[in-house]
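Structure first, commentary second.
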Amino acid sequence: MTKIIIYDFKDFEKMRYLYFDCFKGQLSLDSDDVGAMKSRVDELAIGRLGAERYIQTIRKKNGKAVLGFFTGGTSEPIYAALTKAYENKKVSFQDVVTFNMDEYDGLAPLHEQSYRRFMKEQLFNHVDIDDRNTHFPDHENGNILQDGEYDEMILKAGDIDRQGGGIGPNAHMAFVEPRDLYYVVMNPDYLVTGRRKLTEETRRANSRFFENIDSVPHYAYTMGLHTLMKSKALDIYAFGPHKAAAIKKSVEDPISFDVPASFVQEHDNSTFILDIAAASNLDPKKLDKNKSIGNVEIYYDVDDEILLAAMNEIFKKD
Ligand code: PGA
């Protein structure tokens, strides 16, 4: 049963009140600022919600949880909130084991855009995690992993207790790219973890992080759909209007390999966690009718700490 959590901060009066308290009216607050602040507040709040979900899993497993991590812009507020929780002694990663969902092929481990580097900068360098407990799907102790070997490592670790993920504009999860059924029948390894070719659409979308499109790798190591679906809990996060079409297809369409994230519908402990922009194309009537999609929760509450963090970010240029 898939659940959908939509986060939509609406308390603009509170935002204005805090703003004047904070900046004493020295800066003017125009509607662009309010819009930017609203989406940043939504992101920060979802980041904290995401961190809370991982922390609950760690607690439930008495510290020894197996967590599936992801990378990309969507994940950043989650790792910021996890770092803060660690600093406030609310969580320890000492006995946590992690499996990241993907890694580019052909980038040096500390290349600016490698996902190992991303994880170190966003989380691992700031918390008490043991490096030996962190895993990536391209190699382990210097050995290149063959198709399915990462899945065996995950199985040995006791399976992933909670897997987080983003979604691409083409509805990919990790680097599981859209394919037709014939391709999957002829290439069953597509379903497990291994080295896979990226679509041009994904290379283009990710070129924003590289010097130019030519420097974006053509291949990446990624968990497969089977790997992702085997996790005990699966959380898919999306922010922003550019994700709305992919979310609509993933939530409302029948499941298909053309829309990899549509498989989330069939996972019995899965959640789409969205801001209002990413949820904006969903058809409320369909959500009510289609029992397999499950319940929808809408959150509004946010505390001053999140509001202030968003304000400081939006206005730090001044
Ligand atoms: P993003 O990437 O979080 O940087 O938007 C998500 C994805 O492509 O899976």
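The values are calculated or read from the model by the stated rules, or taken from the named source; none is laboratory data. Computed from a predicted model, the values in this text were never measured in an experiment. Methodologically, a virtual Cβ is constructed for each residue, glycine included, from the backbone with ideal geometry; neighbour enumeration extends over all protein chains shown. In case anyone asks, the SASA skips ligands and DNA or RNA and just uses the protein heavy atoms, side chains included. Shrake-Rupley method; radii C 1.70, N 1.55, O 1.52, S 1.80 Å.
Just the residues that are open to solvent by 40 Å² or more (accessible area, probe 1.4 Å), more than 16 Å from the ligand (Cβ to nearest atom) and not in a loop (DSSP other than H, G, I, E, B), please, taken from the range 118-132. Can you show your working first?
Here is the first cut: in the range 118-132, the ones open to solvent by 40 Å² or more (accessible area, probe 1.4 Å) are 120-122, 125-126, 128, 130-132.
Restricting the remaining residues to those that are more than 16 Å from the ligand (Cβ to nearest atom) gives 120, 125-126, 128, 130-132.
Of everything in the range 118-132, those that are open to solvent by 40 Å² or more (accessible area, probe 1.4 Å), more than 16 Å from the ligand (Cβ to nearest atom) and not in a loop (DSSP other than H, G, I, E, B) turn out to be 120, 125, 126, 131, 132.
Please state which one of 42, 21 is in a helix (DSSP H, G or I) and in contact with a Phe, Trp or Tyr (Cβ under 8 Å, 6 or more places away or on another chain). If you could, list the steps in order and put the result at the bottom.
Details: 21 fails: in contact with a Phe, Trp or Tyr (Cβ under 8 Å, 6 or more places away or on another chain).
Unique residue meeting the criteria: 42.
Taking only pairs six or more apart or across chains, which ones have beta-carbon atoms under 7 Å, a first residue in the range 1-12 that is closer than 17 Å to residue 277 by Cα and touching a residue at least 40 places away in the same chain (Cβ under 8 Å), and a second residue that is among the hydrophobic types (A, V, I, L, M, F, W, C) and part of a loop (DSSP other than H, G, I, E, B)?
6/276; 6/279; 8/276; 9/302
With respect to residue 178, determine if the residue is under 20 Å from residue 265 (Cβ atoms) and modelled with pLDDT under 95.
Values: under 20 Å from residue 265 (Cβ atoms): yes; modelled with pLDDT under 95: no.
Considered against the rule, which asks whether it is under 20 Å from residue 265 (Cβ atoms) and modelled with pLDDT under 95, residue 178 comes out as no.
Consider residue 2 against the criteria (1) more than 16 Å from the ligand (Cβ to nearest atom); (2) loosely packed, with under 15 Cβ neighbours inside 10 Å: it satisfies all of them except one. Which criterion is unmet?
Tallying (1) more than 16 Å from the ligand (Cβ to nearest atom); (2) loosely packed, with under 15 Cβ neighbours inside 10 Å, residue 2 fails exactly one: (2).
Residue 179: part of a helix (DSSP H, G or I) and of a type in the set (Lys, Arg), yes or no? Before the answer, list the steps.
Details: part of a helix (DSSP H, G or I): no; of a type in the set (Lys, Arg): yes.
No.
Would you mention how many residues in the range 136-150 are within 22 Å of residue 72 (Cβ to Cβ) and not aromatic (Phe, Trp, Tyr)? Even if it seems obvious, please write down each step before you answer.
Kept after step one, since they are within 22 Å of residue 72 (Cβ to Cβ), are these residues of the range 136-150: 136-139, 145, 150.
Checking the rest, the ones that are also not aromatic (Phe, Trp, Tyr) come to 137-139, 145.
Matching residues across the range 136-150 total 4.
Looking for something crowded, with 20+ Cβ neighbours inside 10 Å, within 16 Å of the ligand (Cβ to nearest atom), under 12 Å from the mean Cα position of the chain (by Cα) and farther than 18 Å from residue 126 by Cα - is there at least one such residue anywhere in the range 37-47?
Checked the range 37-47: at least one residue is crowded, with 20+ Cβ neighbours inside 10 Å, within 16 Å of the ligand (Cβ to nearest atom), under 12 Å from the mean Cα position of the chain (by Cα) and farther than 18 Å from residue 126 by Cα.
Say we look at the range 226-243 and pick out the residues that are of a type in the set (Lys, Arg) and more than 15 Å from the ligand (Cβ to nearest atom); which of these is surrounded by the fewest Cβ atoms within 10 Å (Cβ to Cβ)? Steps first, answer last, please.
In the first step, residues of the range 226-243 are kept if they are of a type in the set (Lys, Arg); the result is 230, 232, 243.
Next cut, more than 15 Å from the ligand (Cβ to nearest atom) only: 230, 232.
Values: 230: 18, 232: 16.
So, considering only residues that are of a type in the set (Lys, Arg) and more than 15 Å from the ligand (Cβ to nearest atom), the one surrounded by the fewest Cβ atoms within 10 Å (Cβ to Cβ) is 232.
Which residues, counting only those in the range 53-105, are within 16 Å of the ligand (Cβ to nearest atom), assigned to a loop (DSSP other than H, G, I, E, B) and among the small types (Gly, Ala, Ser)?
Within the range 53-105, just 72 meets the criteria.
Between 115, 150, which is modelled with pLDDT of 95 or more, crowded, with 22+ Cβ neighbours inside 10 Å, within 16 Å of the chain's Cα centre (by Cα) and among the hydroxyl-bearing types (Ser, Thr, Tyr)?
Checking each option against the conditions leaves just 115.
Residue 81 versus (1) within 24 Å of residue 308 (Cβ to Cβ); (2) modelled with pLDDT under 95; (3) open to solvent by 10 Å² or more (accessible area, probe 1.4 Å): which is the lone unmet condition?
The number of the failed condition is (2).
So, in the range 173-190, exactly how many residues are open to solvent by less than 40 Å² (accessible area, probe 1.4 Å) and more than 9 Å from the ligand (Cβ to nearest atom)?
Of the residues in the range 173-190, the ones open to solvent by less than 40 Å² (accessible area, probe 1.4 Å) are 173-178, 184, 190.
From the residues that got through so far, the ones that are more than 9 Å from the ligand (Cβ to nearest atom) too are 176-178, 184, 190.
The number of residues fulfilling the criteria is 5.
Within the range 154-172, which residues are within 16 Å of the ligand (Cβ to nearest atom), touching a Gly at 6+ places or on another chain (Cβ under 7 Å) and part of a loop (DSSP other than H, G, I, E, B)? Please lay out each step first, then the result.
Step one: filter the range 154-172 for residues within 16 Å of the ligand (Cβ to nearest atom), giving 163-172.
Now drop any that are not touching a Gly at 6+ places or on another chain (Cβ under 7 Å), which leaves 163-164, 166.
Listed by number, the list holds a single entry, 166.
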